[in-house]
Amino acid sequence: MKSLFEQSGGTYTMQGDYRMPNLTVPAEDERPIGVWGQRRQNYLKHNRKVLYYNLLTSGKLHSHLADTEEQAQALFSRLVKEYAEKEGITEQLKATNQMKWVQNTNCIRTRVYDWIMETYIYN
């Protein structure tokens, strides 16, 4: 009698006295996973283990992390630029008062970083 696995086209390999199914994870795309994707992966691995393993075993983890990376990177760049314009952080300020420009830019980057971490990474 064939098992359901064999009926659906699956195969087994003998490991000692046991028949182990030959399971493979579907191939994923090769988009890069940057810093944001790695942070998301670390968060899922340590805090959302069920979701992490569901994505991993379904073959969707890499694409999920790559999507997160793309969205977070684009949003980070856009928000830093928008906040700098709203707060008057210009090239003129950079030329006249570099320390103030660096302080304000770092403040904006930190706020945007924290917001993206809360919204995209820890969600």
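Every number in this text was worked out from the coordinates using simple rules, so none of it is lab data. Predicted, not measured: the structure shown is a model, and the values here were computed from it. Cβ atoms come from the backbone with ideal geometry, glycine included; neighbour counts cover every protein chain shown.
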Worksheet item: When the label point is put 7 Å from the Cα of GLU118 along its Cα-to-beta-carbon vector, which residues of segment 40-58 have a backbone N closer than 14 Å?
Response: none
Worksheet item: If you work out Kirkwood radius over Cα pairs in Å from the coordinates, which of [x] 18.1; [y] 14.9; [z] 14.4 do you get?
Response: [x]
Worksheet, complete the sentence: When TRP101, TRP115 are ranked with the fewest other C-beta atoms within 10 Å first, the list becomes TRP115, TRP101
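Mind counting lysine pairs for me in the chain? Cα separation below 27 Å, and the two need to be 8 or more apart along the chain or on different chains. Walk me through the numbers before you get to the answer.
Working: LYS45/LYS60; LYS49/LYS60; LYS81/LYS94; LYS81/LYS100; LYS86/LYS94; LYS86/LYS100.
Number of lysine pairs found: 6.
Do you know the relative contact order of segment 3-123, to the nearest whole percent, from alpha carbon pairs under 8 angstrom that are 6+ apart? Present the calculation step by step, with values, prior to reporting the outcome.
Working: 88 pairs, mean separation 27.9, N = 121.
With pairs under 8 Å counted, the relative contact order is 23 percent.
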Discussion item. Of ALA66, GLN98, LEU56, which is farthest towards the positive pole of segment 33-121's charge dipole, taken about the Cα centre with +1 and -1 on the beta-carbons of Lys, Arg and Asp, Glu respectively?
Written reply: LEU56
Worksheet entry | segment 33-121, dipole about Cα centre (Lys/Arg Cβ +1, Asp/Glu Cβ -1), debye to the nearest 20 | 300
Worksheet entry | Packing-based exposure ordering (other Cβ within 10 Å, fewest first) of SER63, SER58 | SER58, SER63
Worksheet item: How far apart, in nm, are two points set 7 Å out from the Cα along the Cα-to-Cβ line at LYS45 and at LYS94?
Response: 3.6
